[in-house]
Structure formats: structure tokens, C-alpha cells
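> I am attaching a structure below and will ask some questions about it afterwards.
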Amino acid sequence: FREYIVDRCDFNSSELNDIEFIRSEFYNKLEFARFSSSLGKFVGYTEWGVKQADYWNSQTSYIEGLKAQREAYCLNNVGNEYRAA
């Protein structure tokens, strides 16, 4: 059994409004919860994921930190991708 997290940025341009930060939480190859900066919260996909999402969503400082990743992590890296292309 393995638990892992995948962070990614989905974008259509280098403008901050067109960028979405997504954190996917996996256990045993199954995605059980996902944070989306567009929604501003976690969504659970399994019974355990729904419980975890409810808990994480109640942690306002954690959620605010993830929302900030759109600008701190994605915006910088998207700019690098556009320059490389």
C-alpha cells in the first residue's frame, strides 16, 4: 500500500486567472480526494476521501496555503514553460 500526493498546474495562458492548482491525494493507486484552486476546497471521491476532505476544508490556514500555491508555484513555473517553448 502506498499513499502519495501529486501537485499539478493546469493552464491555458500565463495569466493568473487562467491557471488552476490541483493537489490529488492517492492511496493504493486510487485518488480519494482532490484540492482545486478554482473551487477553493477539497472534494472527496471515496467514503474515506469525503471524511478527509471535510477535515482538511475545516483547516482554514491549510486551505489558504494551498490557494496561495496557484501564484507561488504555478505562476512562476508556467512562465518558465512558456519561455522554454
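> (1) 13.8, 42; (2) 13.4, 45; (3) 12.4, 37: which one is Rg and Dmax of the Cα atoms in Å as calculated from this entry?
From the options (1) 13.8, 42; (2) 13.4, 45; (3) 12.4, 37, the structure gives (1).
> I've got another one for you. Roughly how many Å² is the accessible area per residue of the range 3-84, as a whole number, for a 1.4 Å probe? Provide the component values of the computation, followed by the final result.
On the way: 5250 Å² over 82 residues.
Heavy-atom SASA per residue in the range 3-84 reads 64 Å².
> Counting Lys and Arg as +1 and Asp and Glu as -1, what is the net charge of the other residues whose Cβ lies under 12 Å from the Cβ of Ala33? Before the final figure, lay out the partial values.
On the way: positive: Arg23, Arg34, Lys41, Lys51; negative: Glu3, Glu25, Glu31, Glu47, Asp54.
Net of charged neighbours comes to -1.
> Separate question: Sum -39500 (n - 2.57) across every DSSP H segment of at least 4 residues in the chain, then divide by the residue count to get the 222 nm mean residue ellipticity, nearest 500. The partial results should precede the final answer.
Details: 3 runs with 31 residues, N = 85.
Estimated from H runs of four or more residues: -11000 deg cm²/dmol.
> Now a separate question. If you place +1 on the Cβ of every Lys and Arg, -1 on the Cβ of every Asp and Glu, and leave all else neutral, what size is the dipole of the chain about its Cα centre, to the nearest 20 Debye?
Details: 10 positive and 13 negative charges, 35 e Å.
The calculation lands at about 160 debye.
> Write out the trypsin sites (Lys or Arg not before Pro) in the range 1-72 meeting two conditions: DSSP loop, and at most 12 other Cβ atoms within 10 Å of their Cβ. Could you put the intermediate results ahead of the total?
Values: sites: Arg2, Arg8, Arg23, Lys29, Arg34, Lys41, Lys51, Lys67, Arg70; in loops: Arg2, Lys29.
Of the trypsin sites (Lys or Arg not before Pro), the ones in loops of the range 1-72 whose Cβ has at most 12 other Cβ atoms within 10 Å are Arg2, Lys29.
> Between Arg8 and Trp48, what length in nm is gained on full extension when 0.36 nm per residue of separation is reduced by their alpha carbon distance?
Working: separation 40, 0.36 × 40 = 14.40 nm, distance 2.25 nm.
Result for the pair: 12.2 nm of gain on full extension.
> Please list, or write none, the lysines whose alpha carbon is within less than 21 Å of the alpha carbon of Lys67, excluding same-chain residues fewer than 8 places away.
In chain and number order, the partners are Lys41, Lys51.
> A follow-up question, please. May I ask you to derive the relative contact order of the chain, considering only C-alpha pairs under 8 Å and at least 6 residues apart, and to give it as an integer percent? Working shown, then result.
Values: 132 pairs, mean separation 21.5, N = 85.
About 25 percent, as a whole number.
> If I compute solvent accessible area with a 1.4 Å probe over the protein chains, what percent of it on the range 3-84 is carbon and sulfur?
Details: 2480 of 5250 Å².
Answer for the range 3-84 is 47 percent, counting heavy atoms of protein chains only.
The values are calculated or read from the model by the stated rules, or taken from the named source; none is laboratory data. Predicted model, so just to flag it, every value in this text is computed and none were measured. Ideal geometry is used to build each Cβ from the backbone, glycine not excepted, and the neighbour counts take in all protein chains shown. All accessible areas refer to the heavy atoms of the entire protein, side chains included, with ligands and DNA or RNA removed. Shrake-Rupley method; radii C 1.70, N 1.55, O 1.52, S 1.80 Å.
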